[in-house]
Amino acid sequence: MCHLILRRLSYSNKILIIGIILFFDGHWLSIYPVHGESQNAWLTNYTENILSKLIPNDEIIVRGVLVEPKFYIDLRINKDNIPFHLKSTDTMMIFNSKYKATWLSEIKLTPNPLVVNTTFMMNILIDQDESFNISFDEHTFFKYEKRESLDSVKQFNIYGNITLKSVKIIHSYREKDNSMKTLIIGIAITIVLLILVGIVAFYILRRHCIHSQPNHSSKKRHDVTINSLGSRRINELISIRPMDKLSKSLEVLKLLSTTTSETLIASNEKSRLDAVSISKEKIHHLNNIVDILCSPSLIKANNENYFKLLTASVETLFMTCDETDYDVRISAEENISKLVKNLKEINLTRIQVELHRIIKRNPNVGPRALKG
């Protein structure tokens, strides 16, 4: 087993190895003095580059164990300019600054607050006026006033007979930036979560509304169709193509003809559809049917669908001539006359055949229809 003990001589800069103690088979050998070279040999020689400018509220924290009282701390711009220099001795702490290769006056403080072989924590806090607040183990020790600007400080050095555990340089603006970034990220995450919750809630509510709607019976669909008559014209409900408009008009007239005025009014309380409105709707669709059938473009097209709709239109006009409403009956008669007049040269025979077939298929038709 071997122990190596080093100690600096008080009268010179040389190192003396006090002894080497060997234990082997019960024998030991000690004290072999050897003089070292003329140089400094420290347990710790630590240097850290300071990449960002030191500003007020920045802090340097040093943790270690004091092996011997002697150690040094420097904040360096270069070898000739040291704004902060601390020297620890057996009995005191010495503070100084080096400016343009010249050391300024020392400030000596006694006693030395550090104890050999004891763990310590040293804080160097830069004040608003760029002075240094020094504390040991969270107890304020001394405020060292600014002697030189800290703008160009590039290195932190600590060397001497201490066992260094950690060195931390804390830049206050970075801490603030990190706090702001954390706040922004937190706000962004909160907004995203709120949006997601809103989307999910909307989706659930929408599904609930869809499933909660009752199935519409044929009667309700019938009422919806009638309600639409009082609120909008048929041209807004159907395609702009003439054949589609013609089919829709025939469908609406068939619906209106198979329902009494009292029933229509009773089923349209919300839309307030009265008998006068119903009469106007019928007249509108009668005029619409004949105008489309007399359209030259449709007549020339000679489309098979046109002749099918012509047959249905003639039957509808004929049956409407038996209406109790005088205005509707007159409109039906006028539109039959108009249709015959416009189509007599082309489809008169077909119209006559259709009228004969309609009269034969409806033996109980009223006299007013036959008169029309």
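Listed values, structure above:
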read-out: Residue in the range 99-111 that is touching a residue at least 40 places away in the same chain (Cβ under 8 Å) and open to solvent by 80 Å² or more (accessible area, probe 1.4 Å) present; value: yes
read-out: Options Val153, Val167, Val200: the member that is in a helix (DSSP H, G or I) and either farther than 16 Å from Lys53 by Cα or within 46 Å of the chain's Cα centre (by Cα) (or both); value: Val200
read-out: Single condition Val115 does not satisfy, out of (1) touching a residue at least 40 places away in the same chain (Cβ under 8 Å); (2) of a type in the set (Val, Ile, Thr); (3) within 22 Å of Ile55 (Cα to Cα); (4) open to solvent by 80 Å² or more (accessible area, probe 1.4 Å); value: (3)
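The values are calculated or read from the model by the stated rules, or taken from the named source; none is laboratory data. Worth saying up front: this structure is predicted, and the values here are computed from it rather than measured. All Cβ positions, glycine included, derive from the backbone under ideal geometry; neighbour counts span all protein chains shown. Surface areas here come from the heavy atoms of the whole protein model, side chains and all, with no ligands, DNA or RNA. Shrake-Rupley method; radii C 1.70, N 1.55, O 1.52, S 1.80 Å.
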